Amino acid sequence: NAGVTQTPKFQVLKTGQSMTLQCAQDMNHEYMSWYRQDPGMGLRLIHYSVGAGITDQGEVPNGYNVSRSTTEDFPLRLLSAAPSQTSVYFCASSYSMASSNTGELFFGEGSRLTVL
Amino acid sequence: GNSVTQMEGPVTLSEEAFLTINCTYTATGYPSLFWYVQYPGEGLQLLLKATKADDKGSNKGFEATYRKETTSFHLEKGSVQVSDSAVYFCALPGTYKYIFGTGTRLKVLA
């Protein structure tokens, strides 16, 4: 089972460049999300989606765009990379967030991004 | 809104020592509670969960009991191994997002 697949695993960008982090899941999950993980900061939610065509902002959305055209895919776009966006990015999905007794969140292996 | 407070690390233990990582929560109702583990260079993976009050989640020798009286979900293991070295996150679902603790880094020495 593939689960949640993220690409690329590593990327180096120059300031001002744009790029897209890809995320795909094969579990037919409604809910998908993007987090960034920085030393001493824990996990911070960037954007999330509760279904195809529906996206919303998390805690730290500035500088990032997302779209959800299919259930399976949830790409994260960096419009104009900045050194402050150097981080490890995780995509995660879950069957549903419709109730408080929701299930497990499944994570990808992460994408390490360095912006010079 | 829902929130979680987790014991700060790092925690350094010798092999076979007893482990406790504290986690307390604030929540509306009685949501499911989770512990996730992140091994070096990997994403987070579910370690254990409890879906209602007084439930005990367990996996790989780790245990945590959902205690509504003390609003706690402390993680315990009776005898840690070097392979348990990782970062541990307490979590609960909020409104269309998961709430994670800041993570506790555990290092186990042989």
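Just so you know, all these numbers are worked out from the coordinates, no wet-lab data involved. Given the structure is predicted, the values throughout are model-derived calculations rather than measurements. All Cβ positions, glycine included, derive from the backbone under ideal geometry; neighbour counts span all protein chains shown.
Too long at a 19 Å Cα-Cα cut-off: which of B:K77/B:K107; A:K9/B:K49; B:K60/B:K107; B:K56/B:K77; B:K49/B:K97? From the list (B:K77/B:K107; A:K9/B:K49; B:K60/B:K107; B:K56/B:K77; B:K49/B:K97), the Cα-Cα distance tops 19 Å for A:K9/B:K49. The fewest-to-most ranking of A:R36, A:R68, A:R77 by surrounding Cβ atoms within 10 Å reads A:R77, A:R68, A:R36.
Here r is the Cβ-Cβ distance between B:T70 and B:L109 and R0 is 25 Å; the resulting FRET efficiency, rounded to 0.05, is 0.20.
Let me know the mean shielding of A:106-113 by other chains, meaning the per-residue number of their Cβ atoms within 10 Å of its Cβ.
That works out to 3 on average.
Under 20 Å from the 7 Å Cα→Cβ point of A:R112, by amide nitrogen: which residues of region A:78-94? Those under the cut-off are A:82-92. Summing charges over all other residues whose Cβ lies under 13 Å from the Cβ of B:F18, with Lys and Arg as +1 and Asp and Glu as -1, gives -4. For the pair A:Q57 and A:S69, label points projected 7 Å from Cα toward Cβ lie 2.5 nm apart. Between B:Q81 and B:K52, the modelled label-to-label distance comes to 3.4 nm, taking each label 7 Å out from Cα in the direction of the beta carbon. Counting only the Cα atoms, the protein assembly as shown fills a convex hull of 118 Å³ per residue.
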